[in-house]
1. Specify which of the listed residues (221, 225) is crowded, with 17+ Cβ neighbours inside 10 Å, part of a helix (DSSP H, G or I) and touching a residue at least 24 places away in the same chain (Cβ under 8 Å).
2. Can you tell me which of (1) touching a strand residue (DSSP E or B) at 6+ places or on another chain (Cβ under 6 Å); (2) surrounded by fewer than 18 Cβ atoms within 10 Å (Cβ to Cβ); (3) over 30 Å from residue 199 (Cα atoms) is the one residue 306 doesn't meet?
3. Looking at segment 320-340, which of its residues are at pLDDT 95 or above and touching a strand residue (DSSP E or B) at 6+ places or on another chain (Cβ under 7 Å)?
4. Would you check if residue 16 is in contact with a strand residue (DSSP E or B) (Cβ under 6 Å, 6 or more places away or on another chain) and charged (D, E, K, R)?
5. Report, by residue number, each residue of segment 52-67 that is in contact with a strand residue (DSSP E or B) (Cβ under 7 Å, 6 or more places away or on another chain) and not charged (D, E, K, R).
6. For segment 151-189, which positions are closer than 30 Å to residue 49 by Cβ and assigned to a helix (DSSP H, G or I)?
7. Is it the case that some residue within segment 238-258 is surrounded by 14 or more Cβ atoms within 10 Å (Cβ to Cβ), basic (Lys, Arg) and over 30 Å from residue 306 (Cβ atoms)?
Amino acid sequence: MDAVRLVYWSSNNQDEIDLARQVVDRWNRLHPDMPVHHQPVPEGESSEEVILAAVVGKTTPDIYSNMWPGDVASYVRARQLICLDAFSEYDSVALERYSEDMLNQARSPDGHTYQILWKTNPIMLIYNKRMFREVGFEDPPRTYSDYLMAAENMTRDIDGDGYVDQWVGVTDIRARWRDRLFDFYPLYIAASGGRTLFDNGEITFDNEIAIGIFRFFQAIYENGYFPREITTVRRDFFLHETAGSRITGPWEIAHTEKFKPEGFEYDFSPIPVPEGVQEPYYTYGDYKSIVIFKNTKYPKQAWEFVQFMISEENDLKLLEIATQLPIRKDVLENPLFRTYFDNNPKMVAFARQAAYVRGVDSSPTLKEVFDAISQEFEACVVYGAKSPEKAVRDAGRRARLVLE
């Protein structure tokens, strides 16, 4: 019998590379007869494209821990993933880790589960406390109308040279499908009380909720409250206090703490919602999953390594090394994590929010659906070429054509 040797690909983010190395080193010390070889996912235009090329070339790793749940349906349809609930330990592992809601989100439409929802980056609003305080908001705006009121007072020409140089916020104006995961989509989940784009496999997002979001962003750009430019072409708007807020995840904490100027005050709050939406406030969870590819020669051993990866001890390392939240229903109550949250109070808001997050729908055409939304978002919101009603209607029509 061949010696068991597993190949594990992680994200190529440096923090996650460091995490993976520690986890793999410990595993290999404990299991010298079943070593794991770690490799960051190879460089490419995107990790999704690299994985797709590996599937086509039959060179996928045994285990991969940076799978976007929106891609899982495509790989399930192509019969490339191991069904995890076929393992006898799956139920006990899942019930220890997940709430009932999370169990349902991990499950595919065929009733089986092919992914371990491993970590979440709840999307929230980061805001400059001083800038909002100066326009009358001790607490960040909770509603669209309050946010627009703050925007009217905050956005201005500070230097008097005829150019706006302070805005209430900033988002990426590019029409790439993935950019809508950090503006339209978290607002849609928040405004709808936790709905996603589909219901029982049918497109349902072309409704008054989406129209209200398009109208909100259209007002922002029509009034110049956000800069109408690609935000990566010059300095950090938020840290240089030229933008009072942006929509982001917990990765922002380490970046802000490292580069913030002296006296900089910031915090996080839930995504703004329309009038009348009540707590709890939901948002996009920005999950990443662990999967086992079907080309593995050792599915049982790969599953053993996955269970090791998601142990409490390694979930703590995920927090400490990568500043990312494990998807674990007891994360704030478990004594093992208490010291971490005591030492990192900014992460507490994300841990609380993690109980009220949604992922993405399980559909092999999901990216094309988001692309339809993104094209209409650009036309309506950024350039004002369509009304919110027509843009949302056209996005829904285009999305349905993709599904046919």
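The values are calculated or read from the model by the stated rules, or taken from the named source; none is laboratory data. As the structure is a computational prediction, the values presented were derived from the model and not from experiment. All Cβ positions, glycine included, derive from the backbone under ideal geometry; neighbour counts span all protein chains shown.
1. Numbers: 225 fails: part of a helix (DSSP H, G or I).
So the residue among 221, 225 that is crowded, with 17+ Cβ neighbours inside 10 Å, part of a helix (DSSP H, G or I) and touching a residue at least 24 places away in the same chain (Cβ under 8 Å) is 221.
2. Here residue 306 meets the rest and fails (2).
3. Within segment 320-340, 325, 326, 327, 331 qualify.
4. Details: in contact with a strand residue (DSSP E or B) (Cβ under 6 Å, 6 or more places away or on another chain): yes; charged (D, E, K, R): yes.
In short, yes.
5. We begin by selecting, within segment 52-67, every residue in contact with a strand residue (DSSP E or B) (Cβ under 7 Å, 6 or more places away or on another chain); these are 60-67.
Hits for segment 52-67 are 60, 61, 63, 64, 65, 66, 67.
6. Our first condition is that a residue be closer than 30 Å to residue 49 by Cβ; within segment 151-189, this holds for 170-189.
Those that are closer than 30 Å to residue 49 by Cβ and assigned to a helix (DSSP H, G or I): 177, 178, 179, 180, 181, 182, 184, 185, 186, 187, 188, 189.
7. Among the residues of segment 238-258, at least one is surrounded by 14 or more Cβ atoms within 10 Å (Cβ to Cβ), basic (Lys, Arg) and over 30 Å from residue 306 (Cβ atoms), which makes the answer yes.
A quick yes/no check of all residues on (1) under 30 Å from residue 153 (Cβ atoms); (2) surrounded by 15 or more Cβ atoms within 10 Å (Cβ to Cβ):
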| position | (1), (2) |
| --- | --- |
| 38 | no, yes |
| 55 | no, yes |
| 62 | no, yes |
| 86 | no, no |
| 93 | no, yes |
| 104 | no, no |
| 108 | no, yes |
| 123 | yes, yes |
